[in-house]
1. Around Tyr301, which amide H atoms from residues at least 5 apart in sequence, or from another chain, sit under 5 Å from its own amide H, with H modelled in the peptide plane?
2. Quick check: residue separation of Glu436 and Glu197 times 0.36 nm, minus the Cα distance between them. What number comes out in nm?
3. Please arrange Ile530, Ile39, Ile298 by counting, for each residue, the other beta carbons lying within 10 Å of its beta carbon, fewest first.
4. Under 12 Å from a point placed 7 Å out from the Cα of Lys620 along the Cα-to-Cβ direction: which residues of the range 559-588 have their backbone N that close?
5. Arrange Phe147, Phe526 by Cβ neighbour counts within 10 Å, fewest through most, would you?
6. Would you list, by chain and number, the lysines whose Cα falls below 26 Å from the Cα of Lys391, excluding same-chain residues fewer than 8 positions away?
7. For the chain, what percent of Cα pairs sit more than 51 Å apart?
8. Modelling each spin label as a point 7 Å along the Cα-to-Cβ direction, I'd like the Leu611/Arg281 distance in nm, to one decimal.
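Throughout, read-outs are computed from the coordinates displayed, never taken from laboratory work. Not measured: the values here are computed from a predicted model. With ideal geometry, Cβ positions are generated from the backbone for all residues, glycine too; neighbour counts draw on all protein chains shown.
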Amino acid sequence: MRFTILLAAFLIVSTAFAQLSYPVTKKVEVTDNYFGTTIADPYRWLEDDNSEETKSWVQQQNNVTSAYFSAIPYREKVKDRLAVLWNYPKYGSPRKEGGYYYFSKNDGLQNQSILYRQAGLKADPEVFLNPNQFSADGTVALSGTTFSKNAKYLTYQIARSGSDWQEAVVMDLSTQRLIDDTIRWIKFSGITWNGDEGFYYSRYPVPDASTKLSRQNQFHKVYYHKIGTKQAEDILIYEDNEHPLRNVGADLTDDGRFLIISTTEGTSGNELWVRDLAKERPAFKRLVEGFKTDPDLIDSYGDLLLVRTNQDAPNFKVVLIDPSQPDKNNWKIVIPEQQEVLQSVGTGGGYLFCSYLRDASTRVVQFTYTGKVVREINLPGLGTASGFGGKKNDKSFFYTFTSYTYPPTIFSYDVETGVSTLFRKTETVFNSDGYETKQVFFTSKDGTRVPMFITGKKGFSLNGNNPVLLYGYGGFNIPQTPGFSISNAFWMEQGGLYVVVNLRGGSEYGEAWHKAGMLENKQNVFDDFIGAAEFLIQNKYTRKELVAIRGGSNGGLLVGACMTQRPDLFKVALPAVGVMDMLRYHLFTIGWAWAVEYGRSDKADQFPFLLKYSPLHTLKDGNQYPATLVTTADHDDRVVPAHSFKFAARLQEAHRGSNPVLIRVETKAGHGAGKPTSKQIEEAADIWSFTMYNLGLSFK
């Protein structure tokens, strides 16, 4: 009865939106010929993010979208509740550097977390670095901190308006004064200190100011910056001008002896080069040939190097490599491949800490450097544990554990006894005790068994009346493991089920699982997501009128592909910063690096499967698509906003029916990292209001 009343109210209010008028988007005569197939691209002009015409189009679209949100009767109530939920202290794990412990903290609604330090764990903390002072609106974020070997210096990186471009600033910790020039044009790079003398970093050439957010990134190089000099004097360490579409990064073993260069041609597959700095005039020597495997340096062990690799081991193993005899036939296995995938290896206290995935939940095992099992670490339950690592002389360190109903909680770990002690529990107004997570498995289209996590109020009924937010990613070897989100907590408070599908393309079950969802197998990812929705409907968790789908970046592609392939199956679609034009994605910024995952349209054997699922190209005139809210941002230089612009324009052209199809373009924001709290709350309020309204739900 209650649902009938709500539905009637929804139908009455929705009449106000029935005549929703979208801005007129001009079409131009642009075509491309792909191996004899002509493809029209009438909205290509929207790729020019600097043109006044594009800026005007964005403003007109935002005006329509803003007016729509304003007419949702409970939008402000949603925002108010989100602000209440968001307002709790958020801590990062402490790390000891020199004579201090450093940790991040956000009091609740601060735009950016503040870096604190304290002389001991019981001492009073003091504000050390406050990014909220970097800008009035909180859009300049602290994106990384790295301490020199003896904690004499700190390098911290900042990002503006969410862009991937970063600057590095050096601070003398004894005086807390900044020194040297700001190091600019850093992108996709960490900072690797060489003692207290200087550091290695990667950067691109100075970009053209007008196209720095969209132009293809080329010629990544590694430099060394010596303290007391200017950036113009930095020493070029490594370059490969014969391959402009490669990324490079530097790492140094803990003893400072071996410099490792990792080169990549994409988001998976890399090559390792080594330079023994103990030798006179050392040269780089190839350590691991690329680019068919994913080796990464763990640490040195005497004259040898510990490396995590999936060479002949899809679930990864740990090997010892002699840099003087690096042929794989000479490798010594230290930790053999296990049935579960080895996600990462941390070091601390003189031990190795191997993080495995068991059905998408973390399992951590402590080993000696020679591969002897010390113990499996007892974790609070099914969830995600991170932060296992520290310095070789540490007796203890901190790690964080979280799950869908378990806010991030910090534990202290004693390296010798294996005892974990609660250090800091997160307190929120969300009553997590009233919610539960169930892991279920379903059979996808081709017979593959796929897991998913379902979280909602304890004792929820299987009566087909549960609103569902279905989330997925499915790509780039990235697993979807349990984690707490205060935004998702709001959805569950409203009676919704939050469902995460562990799609193929991720690393939940190793490289085989990844490969089953990439290149010509990408359709498996969409079939898995569609199969999850069908399972939930068939088993009375929900019905299609109550299903919303959401994903960002590669997950935005997922939502775009699924809503075009099965528009009948979902009521609401929420593609965020998505890769929507699969024929041209590789032409912008770092898009070329995704070709190992997706393929490229300029290759005859790959063009057909890209065209078959490309969201922009599979929209059909006259179809009724789900209520759709496309979200992107003007400073997104990872997945350029042109993807979302063109998709939204084409969707508005093709769509028939009463469901709204809107685009929300955030200003002074990027792909997501560093977004200030105020913008996060505004965006969440819009997304949840749109979702609830179009599912026919009221605010509780």
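1. The list, which skips near neighbours in sequence, is Leu306.
2. Numbers: separation 239, 0.36 × 239 = 86.04 nm, distance 5.11 nm.
Length gained between Glu436 and Glu197: 80.9 nm.
3. Ile39, Ile530, Ile298
4. 564-568
5. Values: Phe147 22, Phe526 26.
Lowest count first: Phe147, Phe526.
6. Of all the lysines, those that pass the test against Lys391 - Cα under 26 Å, at least 8 places apart if same chain - are Lys90, Lys96, Lys105, Lys122, Lys149, Lys152, Lys226, Lys279, Lys317, Lys332, Lys372, Lys425.
7. Summing the P(r) tail past 51 Å for the chain gives 10 percent.
8. 5.6
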